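Novice: Below is the structure I would like to discuss, written out as structure tokens.
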Amino acid sequence: MSTDSFADRVAALHRELGVPADYARRTGLPLVREPETLVEVSPGRTDRRHWLEPYAAARWASMEAAAEGDGIRLVLVSAWRSLDYQRGLIERKLARGEAIEDILAVNAAPGFSEHHGGRAVDLGVPGVPPLTEAFEQTDAFRWLTRNAERFGFALSYPRENAHGIVYEPWHWAIPAETA
């Protein structure tokens, strides 16, 4: 899909969902294209299969193995997501009566989620509810804050981040400019 048709598809999805027209400017989030190639990575918390782009998959495997070697079990909760999957997340919340502005503080709009690029992972640990701030209190989070950078990963949404996304201690990504 060409850049123009991708941007056009994203704009159409935003209109359908009621995403404000100034979303990109207001959040400072870049448009994230879906990768041409994805590879399956280690199983996650459920039977759902997980995919990353090849570079991120290799970096994830290295990081997961290093954590395991230090006695830390990192569990994939989410990895690559398509535009349609992101749209579905937002549609379900809209159907429950949530306001689009509240949703966009938790989920990036389709086309702007780091998950689209196949370079982001949501992580959890056994015994801790997934996708909650409780992850911050785990040995896994402490390990990640000390070690994730060695593998190219960074915490994307720290407290008070400029993008207006809630604090997500579980969400780690390899910046797009990293090859």
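Novice: Out of A108, A148, A67, A140, which single residue is in a loop (DSSP other than H, G, I, E, B) and either touching a residue at least 60 places away in the same chain (Cβ under 8 Å) or open to solvent by less than 30 Å² (accessible area, probe 1.4 Å) (or both)? Give the derivation first.
Specialist: On the way: A148 fails: in a loop (DSSP other than H, G, I, E, B); A67 fails: in a loop (DSSP other than H, G, I, E, B); A140 fails: in a loop (DSSP other than H, G, I, E, B).
After ruling out the rest, the residue left standing is A108.
Novice: Here's something else I'd like to know. Does E16 satisfy the condition of being more than 20 Å from the chain's Cα centre (by Cα) and open to solvent by 30 Å² or more (accessible area, probe 1.4 Å)? Walk me through how you get there before you give the answer.
Specialist: Details: more than 20 Å from the chain's Cα centre (by Cα): yes; open to solvent by 30 Å² or more (accessible area, probe 1.4 Å): yes.
In short, yes.
Novice: With the requirement that a residue be at pLDDT 95 or above, outside any strand (DSSP E or B) and either more than 16 Å from the chain's Cα centre (by Cα) or over 17 Å from W172 (Cβ atoms) (or both), what does the stretch 37-54 give you?
Specialist: Matches in the stretch 37-54: T37, L38, P54.
Novice: Condition first: open to solvent by less than 60 Å² (accessible area, probe 1.4 Å) and either without any contact (Cβ under 8 Å) to a residue 12 or more places away in the chain or part of a helix (DSSP H, G or I) (or both). Now tell me which residues in the stretch 95-105 satisfy that. Spell out how you get there, then give the answer.
Specialist: Let us first name the residues in the stretch 95-105 that are open to solvent by less than 60 Å² (accessible area, probe 1.4 Å), namely 99-100, 103-105.
Answer for the stretch 95-105, where residues must be open to solvent by less than 60 Å² (accessible area, probe 1.4 Å) and either without any contact (Cβ under 8 Å) to a residue 12 or more places away in the chain or part of a helix (DSSP H, G or I) (or both): A99, I100, I103.
Novice: Of all residues being free of Cβ contacts under 8 Å to residues at least 60 places away in the same chain and in contact with a Gly (Cβ under 8 Å, 6 or more places away or on another chain) in the stretch 111-136, which is most open to solvent (accessible area, probe 1.4 Å)? Just the residue, please.
Specialist: L131
Novice: Sticking with this one: For the stretch 42-71, give me each residue that is among the small types (G, A, S) and either closer than 17 Å to S82 by Cα or in contact with a Pro (Cβ under 9 Å, 6 or more places away or on another chain) (or both). Reasoning before the result, please.
Specialist: First pass over the stretch 42-71, keeping only residues among the small types (G, A, S): 42, 44, 56-58, 61-62, 65-67, 69, 71.
Result: A56, A57.
Novice: Another one. Evaluate the stretch 26-43: report whether one residue or more is open to solvent by less than 20 Å² (accessible area, probe 1.4 Å), closer than 18 Å to Y167 by Cβ and in contact with a Gly (Cβ under 6 Å, 6 or more places away or on another chain).
Specialist: yes
Novice: Only one of V75, V32, V19 is among the β-branched types (V, I, T) and without any contact (Cβ under 8 Å) to a residue 60 or more places away in the chain. Can you tell me which? Working first, answer last.
Specialist: Values: V32 fails: without any contact (Cβ under 8 Å) to a residue 60 or more places away in the chain; V19 fails: without any contact (Cβ under 8 Å) to a residue 60 or more places away in the chain.
Every option except V75 fails the conditions.
Novice: Quick one: which residue in W80, W60 is aromatic (F, W, Y) and open to solvent by 60 Å² or more (accessible area, probe 1.4 Å)? Step through it out loud before you land on a result.
Specialist: Values: W60 fails: open to solvent by 60 Å² or more (accessible area, probe 1.4 Å).
Matching residue, one of W80, W60: W80.
The values are calculated or read from the model by the stated rules, or taken from the named source; none is laboratory data. Remember, predicted model here, so these are calculated numbers, not experimental data. As a convention, Cβ positions derive from the backbone with ideal geometry for all residues, glycine included, and neighbour counts pool all protein chains shown. For accessibility, only protein heavy atoms count, side chains too; no ligands or nucleic acids. Shrake-Rupley method; radii C 1.70, N 1.55, O 1.52, S 1.80 Å.
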